[in-house]
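S.K.: Structure provided below as structure tokens; questions to follow.
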Amino acid sequence: MTTTVPALVAASPGAAFERSTIERRNVGANDVQIDIAFAGICHSDIHQAREEWGAGIFPMVPGHEIAGIVTAVGADVTKHSVGDRVGIGCFVDSCRECDNCLAGEEQFCLKGNVATYNGREYTGENTHGGYSTQIVANENYVLSIPEGIGLDEAAPLLCAGITTYSPLKHWGAGPGKKVAIVGMGGLGHMGVKIAAALGADVTVLSQTLSKQEDGLKLGATDYFATSDPETFKTNRKRFDLIINTVSADLPIDDYLSMLTLNGSMVFVGLPEKPQTFSVFSLVGGRRRLAGSNIGGIRETQEMLDFCAEHGLGADIEVIDADQVNDAYERVIKSDVRYRFVIDTATIPAPAA
């Protein structure tokens, strides 16, 4: 049995979003039904809706930054109750049996986790994301959103927040550490906020100085334009950790030159083309080049609690359903500070 709910649907790769409906499964014994209040727009939504990362599953309903209210729970649910403020991130299931799942690293499930959208349940059904009014998911993959963060500001934390929090924690950002955040977009602005809240000395490395005032307000102590060659000379061997949040091609060796002994540069952005670097840039300073991918459920909840404790939410622009197609174009132009969030109450089609 299923329930029909309103959604924004892309019928084919690159197609404009239109109001339509999708089917959600009825609430099972271990399921939570959520009325979605807000859904963030991640750049990865655009890549997938336009098949820039390979073949997609259409019709597609993107959205893996989901915040809302629990409206029903299954008979065996113990973690959530009707009325709870909750969220869903980038995946809605995993095998729960492999070493990575058992370690709380479900994002690296060896069987492959079930993506919130553009994926398939283990039973074969297609998944649809947060550009809709309701979603049903297993209670183990639903996060609690603490009081103190608005649901609109909390939605982007389910991807942009955890994508930056996870590597910052894993690579030890904190007091006495010098951290550089490459890029001041949806990911980068959260990286600055979280790194500063962790106690690190934070520098922003951005193409231009156009967002310098914002970066300093969000917690950075320095801000440099990477279009200026002097930036790489000034910051030579300075940083313990560089988090690269952009999806552009970069002169990797130049960035590695800014790492200290034992420093790490971590990719969370996803460039479309292979990146190149010289091994000499690594061995010359016992440096590391690494990647990171969101976080597990336990760490995501830790991130939400941390953000609530420190009063951190995403900087957002709330839009209605009619603005999503334009918002995609604005994201590509970096014309947003710093995350679009869809008010899903505007999705249902007007009455005939």
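All of the numbers you see were taken from the coordinates with simple rules; none came from a lab. In this text, all values refer to a predicted model and were calculated from it rather than measured experimentally. Don't worry about glycine lacking a Cβ; one is built from the backbone with ideal geometry, like all the others, and counts go over all protein chains shown.
S.K.: If R₀ is 45 angstrom, what is the calculated FRET efficiency for the pair Asn262 and Asp322, using the beta carbon separation as r and rounding to 0.05? Before the final figure, lay out the partial values.
M.R.: Details: r = 51 Å, r/R0 = 1.13.
Using R0 = 45 Å, I get an efficiency of 0.35.
S.K.: If one puts a single equal scatterer on every Cα of the stretch 133-261 and applies the Debye formula without solvent, what log₁₀ I(q)/I(0) results at q = 0.09, 0.12, 0.16, 0.21 Å⁻¹?
M.R.: -0.29, -0.48, -0.78, -1.23
S.K.: When DSSP beta bridges are limited to those with both residues in the chain, what percentage is antiparallel, rounded to the nearest 5?
M.R.: 55
S.K.: Please check: in the Gaussian network model of the chain (C-alpha springs, under 10 Å), which one of Ile252, Ile316, Ile181 has the largest mean-square fluctuation.
M.R.: Highest fluctuation among the options: Ile252.
S.K.: Is it possible to state the helix-based mean residue ellipticity at 222 nm for the chain, with each DSSP H run of 4+ residues giving -39500 (n - 2.57), the sum divided by total residues, to the nearest 500 deg cm²/dmol? What is it?
M.R.: Calculated mean residue ellipticity at 222 nm is -6000 deg cm²/dmol.
S.K.: Also: Among His47, His170, His128, which one shows the biggest mean-square fluctuation in a GNM of the chain, springs joining Cα atoms closer than 10 Å?
M.R.: Highest fluctuation of the listed residues: His170.
S.K.: While we're on this one: Let me check against my output: what whole-number percent is the relative contact order of the stretch 97-224, with C-alpha pairs under 8 Å and at least 6 apart?
M.R.: 14
S.K.: List, in the order given, every pair from Lys178/Lys237; Lys193/Lys217; Lys169/Lys273; Lys178/Lys233; Lys169/Lys217; Lys211/Lys333 whose Cα-Cα distance in the structure shown is over 19 Å.
M.R.: Beyond 19 Å: Lys169/Lys273; Lys169/Lys217.
S.K.: Take every Cα pair under 8 Å in the stretch 160-291 that's 6+ residues apart, average their separations, divide by the length, and report that relative contact order as a whole percent.
M.R.: 21
S.K.: Using a Förster distance of 56 angstrom, determine the FRET efficiency expected from the C-beta separation of Ala225 and Thr2, and round it to 0.05.
M.R.: Values: r = 52 Å, r/R0 = 0.93.
The value I calculate is 0.60.
S.K.: If I take every Cα pair under 8 Å that is 6 or more residues apart in the stretch 242-352, average their sequence separation and divide by the length, what percent do I get for the relative contact order?
M.R.: 20
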